[in-house]
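One structure below.
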Amino acid sequence: MKQSERIMGRHAGPHLLLLTLVYVGLMIAGGSKLSAAFAIPKDSAEKAVAYVAQHGWAIQLGSFFELGSAIPLGIFIATTISRLRFLGVRAAGESIAFFGGIGATMMLTLSALASWPLTRPGIAEATGAVRALQALTFAGGGPGFVVPLGLFIAGVSISASLHRLIPRWLMWLGIVVAVACELASLTLLNFTAGYFIPVGRFISIVWMIGVALTLPVSITRATGETKLDQAA
């Protein structure tokens with residue numbers, strides 16, 4: 001830093017990029033295991049019990065990792081909102097992002113907790129219970145997760161861009177992802193709209209990395225003017 005510049009303040013919080021990487025790792029680990037939860041045979045109680053006995057540990061691991069992924073995601077959301085406030089953002093978009101972020105974290109947690117009971121004694125042979133838990137797992141981790149996540153992404157993207165805190169391309173990427181997330185709500189009316197779910201879940205990771213690398217982490221003053229230092 002030049003002698004003519006001095007740090008006015010530096011936001012204290014976890015590193016956003018590290019949180020993103022931990023979230024992605026746990027999400028992939030959870031998704032690779034939870035696929036077993038949707039393959040439980042429904043034509044025979046005996047087959048279902050045998051299947052759960054064989055794959056129950058994988059389902060439990062999937063639930064554990066998915067629940068774990070909600071933690072770094074929630075911290076990422078809280079840290080991003082805190083940093084926006086630190087940088088002087090006072091707008092409806094910041095509050096909308098907070099609302100959406102809380103909702104997304106809660107839905108992801110619900111999805112993880114809904115899949116775990118599939119491995120408990122007496123559940124596998126009850127076809128109705130299996131179908132209900134599978135539907136709740138999908139709804140929580142699918143449209144229930146990406147719809148509020150889209151609100152978080154849109155709120156951060158627009159608020160940060162209006163204050164020139166992130167590049168314009170990142171704002172537009174966020175808007176596109178947010179629209180896809182909101183369109184995923186149509187899955188409740190037509191399963192074809194489910195194609196928007198992976199768009200929201202996976203392209204949002206690119207957006208998160210972009211925010212982690214570009215959202216300023218500190219404010220400096222140079223020659224009488226206030227400047228924002230990029231994230232480090």
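The values are calculated or read from the model by the stated rules, or taken from the named source; none is laboratory data. Quick caveat, the model's predicted, so the values are computed rather than measured. Because the Cβ atoms are built from the backbone with ideal geometry, glycine has one as well, and the counts that use them run over all protein chains shown. The accessibility values were calculated without ligands, DNA or RNA, using every heavy atom of the protein model including side chains. Shrake-Rupley method; radii C 1.70, N 1.55, O 1.52, S 1.80 Å.
Just a few scattered comments:
- Ile77, sole failed condition from (1) open to solvent by less than 20 Å² (accessible area, probe 1.4 Å); (2) at pLDDT below 95; (3) not aromatic (Phe, Trp, Tyr): (2)
- For the range 16-39, the condition of being of a type in the set (D, E, K, R), more than 20 Å from Gly142 (Cβ to Cβ) and part of a helix (DSSP H, G or I) holds for none of the residues.
- Identity of the residue in the range 22-51, under 13 Å from Thr119 (Cα atoms) and aromatic (Phe, Trp, Tyr), that ends up most open to solvent (accessible area, probe 1.4 Å): Phe38
- Within the set Arg164, Arg168, Arg131, the sole residue that is of a type in the set (Lys, Arg) and closer than 24 Å to Gly62 by Cα turns out to be Arg131.
- Qualifying residue in the range 1-20 (condition: among the β-branched types (Val, Ile, Thr) and surrounded by fewer than 16 Cβ atoms within 10 Å (Cβ to Cβ)): yes
Let's see how each residue does on (1) acidic (Asp, Glu); (2) open to solvent by 10 Å² or more (accessible area, probe 1.4 Å); (3) over 16 Å from the mean Cα position of the chain (by Cα):
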residue	(1), (2), (3)
Ala53	no, yes, yes
Gly56	no, no, yes
Gln60	no, yes, yes
Ser63	no, no, no
Gly68	no, yes, no
Arg85	no, yes, yes
Val89	no, no, yes
Ser95	no, yes, yes
Gly101	no, no, no
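- Candidates in the range 107-122 are the residues that are in contact (Cβ under 8 Å) with a residue 24 or more places away in the chain and not polar (S, T, N, Q); of these, the one that is surrounded by the fewest Cβ atoms within 10 Å (Cβ to Cβ) is Leu113.
- For the range 161-185, a tally of residues being open to solvent by 20 Å² or more (accessible area, probe 1.4 Å) and within 19 Å of the chain's Cα centre (by Cα) returns 8.
- Count of the range 192-232 residues which are at pLDDT 70 or above and in a strand (DSSP E or B): 2
- Candidate set: the range 186-218, residues that are among the aromatic types (Phe, Trp, Tyr) and surrounded by fewer than 19 Cβ atoms within 10 Å (Cβ to Cβ); chosen: the one farthest from Ala154 (Cα to Cα): Phe191
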